[in-house]
Amino acid sequence: MPVVESPKPHASSSSPLLGATLAELTAWVQQQGQPAYRAKQLHQWIYEKGVRSLSEISVFSKQWRESLAHVPIGRSTIHHRSVAPDETVKYLLKLADGQIVEAVGIPTEKRLTVCVSSQVGCPMACDFCATGKGGFQRHLAKHEIVDQVLTVQEDFKRRVSHIVFMGMGEPLLNLENVVAAVKCLNEDVGIGQRNITISTVGIRDRIHLLAEHHLQVTLAVSLHGSNQKLREKLIPSARNYRFDELMEECREYVKITGRRLSVEYILLAGVNDLPEHAAELADNLRGFQCHVNLIPYNPIAEADYERPSDYRIKVFVEALKARHIAVSVRYSRGLDADAACGQLRASRV
Ligand code: SAH
């Protein structure tokens, strides 16, 4: 809830301050009878110093701090943390109501990417996905999305450069909070919109709604099948949203935003990884400004798919390249154990 839209939002409802813009914080401090420059300090303490309680803000008077003791900042606590040999760190974060979400910090020499969740659980029930098998609990609020990025940034003691909405949940079902979080991460945390990717399984009309926000984020579409029948087998919601309709909405997104589309395609041995699937995929993407990311399946306990051999993956890649499709293979990082989306949570909660 933006601070400017309601008369005394934080003081009365005690909604968290994390996620508020400088303008909103300014309105809020002024409501408390404080000068506007206090908002700048507050903004810095929240977004740069990562303060967890207003009582820690030593530049505020003791009296004011005490009167604000009931106002939450909105930070999570780290419930579990596991470090993989390649230095990827997976976190389970505990929210104010006790719910648990996953976030992942993925470092390279030049980048620190955070894989964020947009929901607790997920209602889409994709057949290969651990989160989908666990059902849906609730949407994440704006501050709960922003918090994941700040937490990883603090833990790595390094600035986050990239964000991918590829953790738990379907971001386009929680579009309002996801867009609000993207704006906050961009304007208040300082991460370029072009370094933010929103990944979706495809929800009718929502790609269009996202395009209308005119953000410069990358849209990634989890296609996973080269035709309607294959998609329906893997993604229950595809029954209500046909392949060609989804592609049309993606085409429109590219047109409105001028951004290239990312296509995510999980490779499941013997299911969607045959050369004819590659040919069909290439046909369906012809003339499209896109890049295909192939994701070899990470086995989960609840499904009995298999990851294709390296040879089969190579053949698939070559088949796409021969048809002039830009393609890369993305092995999930750090993922010798509890690899795929939702698996860590499934094994620890
Ligand atoms: N709901 C969104 C974002 C969450 S999933 C979406 O579907 O795009 C993020 C990515 O992880 C998706 O491309 C998804 O297909 C992939 N994924 C989920 N389970 C996986 C598994 N077991 N192995 C490999 N990738 C998986």
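The values are calculated or read from the model by the stated rules, or taken from the named source; none is laboratory data. Please read all numbers here as calculations on a predicted model, not as lab measurements. Glycine gets a Cβ as well: all are built from the backbone with ideal geometry, and neighbour counts include every protein chain shown. Surface accessibility is based on the protein's heavy atoms, side chains included, excluding ligands, DNA and RNA. Shrake-Rupley method; radii C 1.70, N 1.55, O 1.52, S 1.80 Å.
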How about the stretch 273-289: which of its residues are of a type in the set (Asp, Glu) and open to solvent by 30 Å² or more (accessible area, probe 1.4 Å)?
-> Glu276, Glu280, Asp283
Tally time: how many residues in the stretch 156-206 are open to solvent by less than 40 Å² (accessible area, probe 1.4 Å), within 12 Å of the ligand (Cβ to nearest atom) and either over 20 Å from Leu92 (Cα atoms) or part of a helix (DSSP H, G or I) (or both)?
-> 11
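In the stretch 115-133, is there at least one residue being away from the ligand (no atom under 14 Å from the Cβ) and either touching a residue at least 40 places away in the same chain (Cβ under 8 Å) or touching a Phe, Trp or Tyr at 6+ places or on another chain (Cβ under 9 Å) (or both)? Even if it seems obvious, please write down each step before you answer.
Keep residues of the stretch 115-133 that are away from the ligand (no atom under 14 Å from the Cβ), which gives none.
No, the conditions are met nowhere in the stretch 115-133.
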Taking Ala238 as meeting all but one of (1) free of Cβ contacts under 8 Å to residues at least 12 places away in the same chain; (2) within 16 Å of the ligand (Cβ to nearest atom), write down the number of the exception.
-> (1)
In the stretch 245-272, the residues that are open to solvent by 60 Å² or more (accessible area, probe 1.4 Å) and basic (Lys, Arg) | Arg251, Lys255, Arg260
Residue check for Ala220: within 16 Å of the ligand (Cβ to nearest atom), small (Gly, Ala, Ser), closer than 25 Å to His162 by Cβ and not in a loop (DSSP other than H, G, I, E, B) | yes
From the option list Asn298, Asn293, single residue qualifying as under 24 Å from Asn195 (Cβ atoms), polar (S, T, N, Q), touching a residue at least 40 places away in the same chain (Cβ under 8 Å) and within 16 Å of the ligand (Cβ to nearest atom) is Asn293
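Could you identify the single residue in Asp310, Asp304 that is more than 26 Å from Leu219 (Cβ to Cβ), in the same structural domain as Glu264 (by TED's automatic domain parsing) and away from the ligand (no atom under 14 Å from the Cβ)? Give the steps one after another, and end with the answer.
Working: Asp304 fails: away from the ligand (no atom under 14 Å from the Cβ).
Among Asp310, Asp304, only Asp310 is more than 26 Å from Leu219 (Cβ to Cβ), in the same structural domain as Glu264 (by TED's automatic domain parsing) and away from the ligand (no atom under 14 Å from the Cβ).
Kindly evaluate Leu230 against the criterion of being under 26 Å from Met168 (Cβ atoms), in a helix (DSSP H, G or I) and hydrophobic (A, V, I, L, M, F, W, C). Reasoning before the result, please.
Working: under 26 Å from Met168 (Cβ atoms): yes; in a helix (DSSP H, G or I): yes; hydrophobic (A, V, I, L, M, F, W, C): yes.
Yes; evaluated as a whole, the condition is true for this residue.
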